[in-house]
1. Return Trp55, Trp47, Trp95, Trp122 ranked ascending by Cβ neighbour count within 10 Å, so the fewest neighbours appear first.
2. Just how large is the dipole of the chain about the Cα centre, in debye to the nearest 20, putting +1 at every Lys and Arg Cβ and -1 at every Asp and Glu Cβ?
3. Just order 143-153, 5-15 by mean Cβ neighbour count inside 10 Å, highest at the front, would you?
4. Quick one: helix 2-28 against the long Cα principal axis of the chain, what's the angle to the nearest 10°, folded into 0 to 90?
5. Can you tell me which of 29-38, 97-106 comes out highest on packing, and rank the rest after it, using the mean Cβ neighbours within 10 Å?
6. Taking the structure as given and computing Rg and Dmax of the Cα atoms in Å, which label from (i) 15.9, 50; (ii) 15.5, 53; (iii) 16.3, 57 fits?
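Derivation of every value follows stated rules applied to the coordinates shown; laboratory data play no part. None of these values were measured; they are calculated from a predicted model. Methodologically, a virtual Cβ is constructed for each residue, glycine included, from the backbone with ideal geometry; neighbour enumeration extends over all protein chains shown.
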Amino acid sequence: MLTVYIHYGLLIALAIALLVAAFTDIRSRQISNRLNIAIAIGAPLFWWSSGLALWPDIAMQVGVAIAAFAVLAGMFALGMMGGGDVKLLTALALWIEPTAFLQLIIIMAIAGGVLTIIMGAWHFLRRQKERLAIPYGVAIAFGGLWVLAVNYLPNSMTVA
């Protein structure tokens, strides 16, 4: 019974961390390395509280995180993503099972597109000349919170 409380406590902590990431990204266009490290360090506790087996469950989580980092680091190198966004998504890949991580990527992309349209329109209407900087941590947090709500809450409905 204690592991159930720990399990949901960790999910609440992750949700709070995602909100912090979104708000700090809005305010400063940066996501703290400390926050990303804290999220990554929490993953093994979450694996334990979830009852994941070392093979294949945890190995799959780590493999998806490594693959996500490789792809996202390439996007960072091309100037398509910020470093904090890459680290946040990689840390989330340690928590979220692969199918749900794909859901996160899809929801994040939709939220990011909407955010870009809204911010682009605002930027245009205010006739700002500087380069538009999208706080993509907001979209990542939205996708992460969506996946947590749909896949990890008790009696949650799984999206197929």
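1. Listing Trp55, Trp47, Trp95, Trp122 from fewest to most nearby Cβ atoms yields Trp55, Trp122, Trp47, Trp95.
2. That gives a dipole near 680 debye.
3. 143-153, 5-15
4. Orientation of helix 2-28: about 10 degrees from the principal axis.
5. Working: 29-38: 15.9, 97-106: 17.6.
Taking the mean over residues of other Cβ atoms within 10 Å, the ranking is 97-106, 29-38.
6. Entry (iii).
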